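Asker: First the structure, then my questions, so here it is.
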Amino acid sequence: MSGKKRTHRVVAVNGGPRKNGNTARLLEEALSGAARQGAATETVHLYDLNFKGCRSCFWCKTKENYLAGRCAQKDGLSPVLDLLADSTGVVMGSPIYLGDVTGALRALFERFVFINLAYDLDAPSVLKKGPSVGLVYTMNIPKEGMGPAGYEVILDTHAQFFSRLKSPRFEQLFSCDTYQFDDYSKFHAPMFNEPHKKEVRATQFPLDLRQAFEMGQRLAQNK
Ligand SMILES: Cc1cc2nc3c(=O)[nH]c(=O)nc-3n(C[C@H](O)[C@H](O)[C@H](O)COP(=O)(O)O)c2cc1C
């Protein structure tokens, strides 16, 4: 798999449970950008799949198998791991849950990143070239709150482990201060200012969508 020419395709992985939420909208836009560049597109909703994170069997690190970049665990994620490995670009999105990506996306990271890494300082990736990777994060917190909340440090760890996959491109997009309820009047959430959220939704979110579109265009260029 690692030396094979990839299919000119960008895959969106929705790591959040909502199919019409902020994250899903941004991913749709990224795929529109990729399609504009002539790439095939596909969306995977992780919450539709039955899978778990790495089980630490270390099959992918055995002398016989470590170069294959494959996972011994067979479940709902298995075809997705193959799909990602065979695509020119991958855009993964997640709402921030308690300061990090969702557990579902984290489980995919454990599987996809770990099978493609080797315990070898001279050759840390088993891929000749990884897919281009874009990560899209959506969150309640405003952008200026990310640093004080420690998010920049946590989200930078994603950049570090993806950088070892020899991806020609790695990008992160942060969509902050999102509009999270359909109707704020139904919920007890006095810490949120609904008119402010509406304003951000009307003014900033369209700019975030535009950035996602452009990210999709760039991810599609890694042929
Ligand atoms: C379980 C849960 C935990 C959350 N934790 C955080 C958090 O730690 N920081 C934050 O900024 N937003 C947090 N949020 C808000 C979501 O990240 C935010 O509303 C996001 O844009 C929702 O994305 P979606 O519309 O795609 O579902 C949380 C939401 C839920 C449901």
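Nothing in this text is a laboratory measurement; each read-out follows from the coordinates by a stated rule. From a predicted model like this one, the values you see are computed outputs, not experimental measurements. All Cβ positions, glycine included, derive from the backbone under ideal geometry; neighbour counts span all protein chains shown.
Asker: Would you kindly state how much longer the chain becomes between Phe58 and Lys198 on full extension, computed as 0.36 nm times their sequence separation minus their alpha carbon distance, in nm to one decimal?
Answerer: 45.6 nm
Asker: Apply 1/(1 + (r/R0)^6) to the Cβ-Cβ distance of Phe181 and Tyr47, taking R0 = 25 Å, and write down the FRET efficiency to the nearest 0.05.
Answerer: It comes out at approximately 0.85.
Asker: Under 8 Å for C-alpha pairs, at least 6 residues apart: give me the relative contact order for region 7-219, rounded to a whole percent.
Answerer: It rounds to 28 percent for region 7-219.
Asker: Turning to a different aspect of this structure: Rank Gln180, Gln172, Gln211 by mean-square fluctuation in a GNM of the chain with C-alpha springs under 10 angstrom and give only the top-ranked residue.
Answerer: Gln180
Asker: Is the shape of the chain rounded, prolate or oblate, going by the alpha carbon gyration tensor and its root eigenvalues a ≥ b ≥ c, with a/c under 1.5 for rounded and a/b larger than b/c for prolate?
Answerer: Here the chain falls in the prolate category.
Asker: May I ask which residue of Ala35, Asn116, Ser175 lies farthest towards the positive end of the charge dipole of region 26-175, with charges of +1 (Lys, Arg) and -1 (Asp, Glu) on Cβ and the Cα centre as origin?
Answerer: Asn116
Asker: Taking other Cβ within 10 Å of each residue's Cβ, how do Glu110, Glu29 sort, fewest first?
Answerer: The order, fewest Cβ neighbours first, is Glu110, Glu29.
Asker: Which shape class, rounded, prolate or oblate, goes with region 1-112 when its Cα gyration tensor gives a ≥ b ≥ c as root eigenvalues, a/c under 1.5 marks rounded, and past that a/b bigger than b/c marks prolate?
Answerer: oblate
Asker: Choose one answer from Phe112, Phe213, Phe161: the residue with the largest mean-square fluctuation in a GNM of the chain with alpha-carbon springs under 10 Å.
Answerer: Among Phe112, Phe213, Phe161, the largest mean-square fluctuation in the Gaussian network model of the chain belongs to Phe161.
Asker: Can you tell me what share of the DSSP beta bridges in the chain is antiparallel? A percent to the nearest 5 is fine.
Answerer: 5
Asker: With no solvent and one equal point scatterer per Cα, compute the Debye intensity ratio I(q)/I(0) for region 73-170 at 0.14, 0.19 Å⁻¹ and report its log10, rounded to two decimals.
Answerer: Values returned for q = 0.14, 0.19 Å⁻¹ are -0.57, -0.98.
Asker: Would you mind telling me which residue in Asp122, Asp208, Asp86 has the biggest mean-square fluctuation in a Gaussian network model of the chain, where springs connect alpha carbons within a distance under 10 angstrom?
Answerer: Asp122
Asker: With both bridge residues required to lie in region 1-126, what share of the DSSP beta bridges run antiparallel, to the nearest 5%?
Answerer: 15
Asker: If the only charges are +1 at each Lys and Arg Cβ and -1 at each Asp and Glu Cβ, what is the size of the charge dipole of the chain around the Cα centre, to the nearest 20 debye?
Answerer: 840
Asker: Going by average Cβ density within 10 Å per residue, which order do the peptides 50-63, 126-139 take, highest to lowest?
Answerer: 126-139, 50-63
Asker: On a 0 to 90 degree scale, rounded to 10, what angle separates helix 103-115 from the longest Cα axis of the chain?
Answerer: Taking the Cα atoms of the chain, the angle to 103-115 is about 20 degrees.
Asker: If neighbour count is taken as other Cβ atoms inside 10 Å, put Thr88, Thr7 in order from fewest to most.
Answerer: Thr7, Thr88
Asker: For Leu219, Leu31, which order do you get if you count the other beta carbons within 10 Å of each Cβ and list the fewest first?
Answerer: Fewest-to-most Cβ neighbours within 10 Å comes out as Leu31, Leu219.
Asker: Now, a different point. Multiplying the sequence separation of Glu144 and Lys74 by 0.36 nm and subtracting their Cα-Cα distance, what value in nm do you get?
Answerer: 21.0 nm
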